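Structure, as structure tokens:
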Amino acid sequence: MSRSPLFLDDVNARQGLFHRRALLVGGVAGLGLTALIGRLAQLQLVETDRYAELSDHNEFQVLLVAPPRGLILDRNRVVLASNRPDFRLLLDKSRVGDIDAVLADLGSLIEIDAPRLARLKAEVADAPARAPVTLAEDLSWEEFSRVNVRAPELPGVTADMGEVRVYPFSAAFAHVVGYVAKVSAADITKTGPNSDPILLNPGFRIGKQGVEKAFDLQLRGRPGEKKFKVNSRGEALSSEPVAASPAEPGAEIQLTLDADVQNRALEAFGADSGAAVMMDCRSGDVLCLFSAPSFDANAFVRGVSGPDYRALAEYERKPLFNKALTATYPPGSTFKTLVALTALEQGVDPGRTYTCNRHWVWGGRTWSCPEAHGTLDLHNAIAQSCDIYFYQLALSLGGPDAMAAMARRFGLGADHDLGIPGQKPGLVPDRAYKRRAFPRDPVWHPGETPSMGIGQGYLSVNALQLCIQCARLANGVQAVEPRLVASVGGVVQNPNPGFAPLDVDPAHIAFIHSAMSAVVAYGTAAKGHVADLGLGDVRMAGKTGTAQAHDYAKGQLGQGEHGAWSQRDHAWFIAYAPSDAPRYALSILVEHGGFGAEASAPKAAKIMRAALLKDPEIRARILSPPAVAAASGVAARAPQGRQA
Amino acid sequence: MTLGAISRPGERDRLAVKLTHVDWTVCLLLTAIAGVGGMVLYSIAGGHWSPWAAKHLILFGLCLVATIALATVDLQVWFDLAYPVYAVCLLLLLAVPVIGHATLGARRWLQFGPVQIQPSEMIKVALVLALARFYHGLDLDQARLSWRLLIPAALILVPAALVAHQPDLGTAILIAVTGGAMMLMAGLSLRLAGAGLALLAAVAPLAFMFVIKGYQKARLLTFLHPEADRSGAGYHIIQSKIALGSGGLLGKGFELGTQSQLNFLPEKSTDFIFASMAEEFGFLGSLSVIALYAAVIFLGLRIAAMAHSHFARLAAAGVIVGFALCVLINGAMVMGLAPVVGVPMPLLSFGGTVMITMMAGFALVLSAKVHRYSEVASGSGALL
């Protein structure tokens, strides 16, 4: 072994110190490595679940697959709302640098006019970064394939096929079925069903009106998922998803409506403004719930432009309102049926007579009637709709409370659960109401009773309530409730509702029935055979009504059935048929229609015919009328009613 | 071989005998580390040898042969070459700002025809050589505390400052700390070392405010709050932690590391290769790799401790300290314990110059083992 040139002591000291210091350095390194192992254990053993989730989140991108929206069907499974394929173009904002250039390129392939271009730019600018923007919808196959071929030159633009809602009867069901429209920023909530990311899917629409809105969640279904593996730039590595769960289609909803009856209502109204509601007076099924004029629901699915929407919203006949539920007016003379029933239930003799000279002075004021009816009993007072009879009859009932109670028993003044929103309950006044609503004049004045007797004054009702009243009158036994939704996703809704008893003397009901038959046979709806069905002995029974558009008592000059449209009175008509075995009840409102019978009774007859002709039992009866039935008629029944 | 044969004069100098004294355990450990590196590089290339794995393994193979060959070179040769090598490396380092090749905003590379070299890596080994050479002739008192210590201080700080200026803060710190550790092991007074550290602690905030470049500040701040900058500098740390954490106990499996395969992990083949490895092989895999490094460090320090010449001791220890620092800094960075600085994981990361200089360093370590009984004559080789 060679010797060190330095002094041995020094060498040993140097070596000794080195050993100690090297041990120190090694120890520090060892501590450092131990710290690293500790950290590894923390990341890889303790917190591994959290990081595994983050890694998954990195690795996969989940595309939501919009479920097909549930169909809406009528009582005979006629499609009222379905879905059709829609070729559309989507823009992935995050992959496009110069959006203006892409839109300009696209303009050479499909037609984009200047206002649409401006709107698209605004939409793209407003859209959240992660959600694709719909650039165009409803492309023709030619346009669709043209864009598809050029797709590589249009970064971020993809052509795809979606589904869009379609309403085969564009206007007939626009209010009751409603419509879907694009999701607006205001629709999206932080929590609850409208926080679902599917709402951000391009072309996704939610229900905004009617059944579409009320049953939006059921109709929506559950979105499916396609999980794609992506790289750090978000590009899918394969067009095949690594995992996919199919979308669950929305529930099918069957309504009690009848498409033929509803379409007949659309026809019958033409340009008139008003509403028609028809119910099965045994089951309460709503066969028709129509508001006129209507609008094209499909236009709202595409998106209505500002000017178009303003035109609809500002039109004086208010097409956007569902008048069957929201238009409340005094029921007019249709209310006389309930006043008469109140009187009968109080024991008033139907043979009581009053004399009508067109004018009647009472309480320091002159009350008038459209004509001088002479001396009438109750039956004829209903048939002829004599106001002066009912002013006095109402006064004899001792104020409003008995009439109000009867009105409520027949469904007025209350909301009825149809399953769709937006009803106005109207008003049935009584002494308590007066106390509540008029703190400065809380007393029911006797002078307010006669007005109520002819269905004017504070009273207000909507077409649905009048239809319910009519159905209950026609039924006579049960307080039928309307049913609009027959089944949701195959589950029958309210199959056996068990209606409350009406608790009215059947003899009194029969009396009202005969009086309503007389209205059509020789009363206010007989002139010009406006309420004739033309179905042999299957006849309608009804009652006309006129709601004053202005309060004549306050000195305003009413135009009645003449003058400017907006000044004319509203026409009501309630009817049921067949008059001898009631099956269907309806109510018709014609806004500013003038005198009830002429404006509304023909519409009622048309709509009623449609329903009767579809009913197999009644069809059989019309085609082969039984000999006995031919002998029985209104004339034969009317006296019976009076005797009862 | 018998003891008698070894003790025969001249017997130790025979090549065949020298080869038997090469520390094959260390060679095996290094091969294992480089082999793991090759596997990971193969995997993250999507199961391909190119662009990294083949190059990495071939270069390692060549380096290993060269390292073993160099290990048989007499320590005296290293000793004599120490200052010239240091001088050449320093010149190259000086040349970097002038003719250097800029990548990613930093000028770190020199281009010689097809060959790219990184003088900041080479200076690490050169510094170890130069410091070992300096301290070999110095007695303990002077090594403890004397004016002559200004020389090693200059040897350390000049290249460290140049590298920091490139800017490559990580390597600069590495050079400074390696040099400091060598001075400490050579006998530096602990009081002086403590004073130096205290001074550093006092100067560091000032340096942060006035010397450190904007992006370096950003990196340091990002390290403190990685969530504040998810897409920028914080992205590296977040993605690296996700890669490590999602690996779990057993890993996602070979070629199944999504973070690196799908490019979420940046610099997956170089600075963040440990995260790629840990994602695929899990805690057990990363623990094994750390164990390999620990074994190399332990064996290296033992070789240093066994060497008879002070030069060999310090040279071997200096190389091992540099190696260990690389492992600790890179590990801490990948695991989110330290800011992102450009320090690779030795032998695991892909990178030619780093591999060559690291293996040149191990040539010194192996040589210290082979020549552990040899003394080195001081004074020869001039300069001091």
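Tabulated data for the structure shown
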{"item": "A:V339 surrounded by fewer than 17 Cβ atoms within 10 Å (Cβ to Cβ) and either within 30 Å of A:D503 (Cα to Cα) or aliphatic (A, V, I, L, M) (or both)", "result": "no"}
{"item": "Answer residue from the stretch B:230-264, given it is closer than 21 Å to A:E47 by Cβ and open to solvent by 50 Å² or more (accessible area, probe 1.4 Å) and is modelled with the lowest pLDDT among those", "result": "B:R230"}
{"item": "Looking only at the stretch B:232-271, and only at residues there that are among the β-branched types (V, I, T) and facing another protein chain (nearest Cβ under 10 Å), the one that is nearest to B:A218 (Cα to Cα)", "result": "B:I238"}
{"item": "Identity of the residue in the stretch A:16-68, more than 7 Å from every other protein chain (Cβ to nearest Cβ) and in contact with a Phe, Trp or Tyr (Cβ under 7 Å, 6 or more places away or on another chain), that ends up most open to solvent (accessible area, probe 1.4 Å)", "result": "A:L63"}
{"item": "Every residue from the stretch B:322-343 that is touching a residue at least 60 places away in the same chain (Cβ under 8 Å), within 10 Å of chain A (Cβ to nearest Cβ) and open to solvent by less than 10 Å² (accessible area, probe 1.4 Å)", "result": "B:V334, B:M335"}
{"item": "Number of positions in the stretch B:306-321 that are under 18 Å from B:I33 (Cα atoms) and either more than 8 Å from chain A (Cβ to nearest Cβ) or in contact with a Lys or Arg (Cβ under 6 Å, 6 or more places away or on another chain) (or both)", "result": "2"}
{"item": "Odd one out for B:L221, checked against (1) assigned to a loop (DSSP other than H, G, I, E, B); (2) modelled with pLDDT under 90; (3) surrounded by fewer than 19 Cβ atoms within 10 Å (Cβ to Cβ)", "result": "(1)"}
{"item": "Top-ranked residue in the stretch A:300-325 [being farther than 18 Å from A:A172 by Cβ and touching a residue at least 24 places away in the same chain (Cβ under 8 Å); ranked as farthest from the chain's Cα centre (by Cα)]", "result": "A:E316"}
{"item": "Some residue of the stretch A:582-590 being over 26 Å from the mean Cα position of the chain (by Cα), at pLDDT 90 or above and either assigned by TED's automatic domain parsing to the domain that holds A:Q465 or under 26 Å from A:Y329 (Cβ atoms) (or both)", "result": "yes"}
{"item": "Number of the condition not met by B:L64 [criteria: (1) within 19 Å of the chain's Cα centre (by Cα); (2) not in a helix (DSSP H, G or I)]", "result": "(2)"}
{"item": "Set B:R133, B:R148, B:R144, B:R191: member being more than 24 Å from the chain's Cα centre (by Cα) and under 26 Å from B:L91 (Cα atoms)", "result": "B:R148"}
{"item": "Of residues in the stretch A:270-312 being in a helix (DSSP H, G or I) and open to solvent by less than 50 Å² (accessible area, probe 1.4 Å), the one nearest to A:R568 (Cα to Cα)", "result": "A:L312"}
{"item": "Residue identified as in contact with a Phe, Trp or Tyr (Cβ under 6 Å, 6 or more places away or on another chain), more than 14 Å from chain B (Cβ to nearest Cβ) and closer than 21 Å to A:P421 by Cβ among A:Q254, A:Q209", "result": "A:Q209"}
{"item": "Matching residues in the stretch B:290-305 - criterion: being at the interface with chain A (Cβ under 10 Å from one of its Cβ atoms), touching a residue at least 40 places away in the same chain (Cβ under 8 Å), over 22 Å from B:I123 (Cα atoms) and among the aliphatic types (A, V, I, L, M)", "result": "B:I290"}
{"item": "Positions within the stretch A:342-362 being open to solvent by 70 Å² or more (accessible area, probe 1.4 Å) and touching a Gly at 6+ places or on another chain (Cβ under 9 Å), in sequence order", "result": "A:Q346, A:T355, A:N357, A:W362"}
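The values are calculated or read from the model by the stated rules, or taken from the named source; none is laboratory data. In this text the structure is predicted, and so the values were computed from the model without any measurement. Cβ coordinates were reconstructed from backbone atoms using ideal geometry, including for glycine residues, and neighbour counts include every protein chain displayed. Just so you know, the surface numbers come from the protein's heavy atoms only, side chains and all, with ligands and any DNA or RNA stripped out. Shrake-Rupley method; radii C 1.70, N 1.55, O 1.52, S 1.80 Å.
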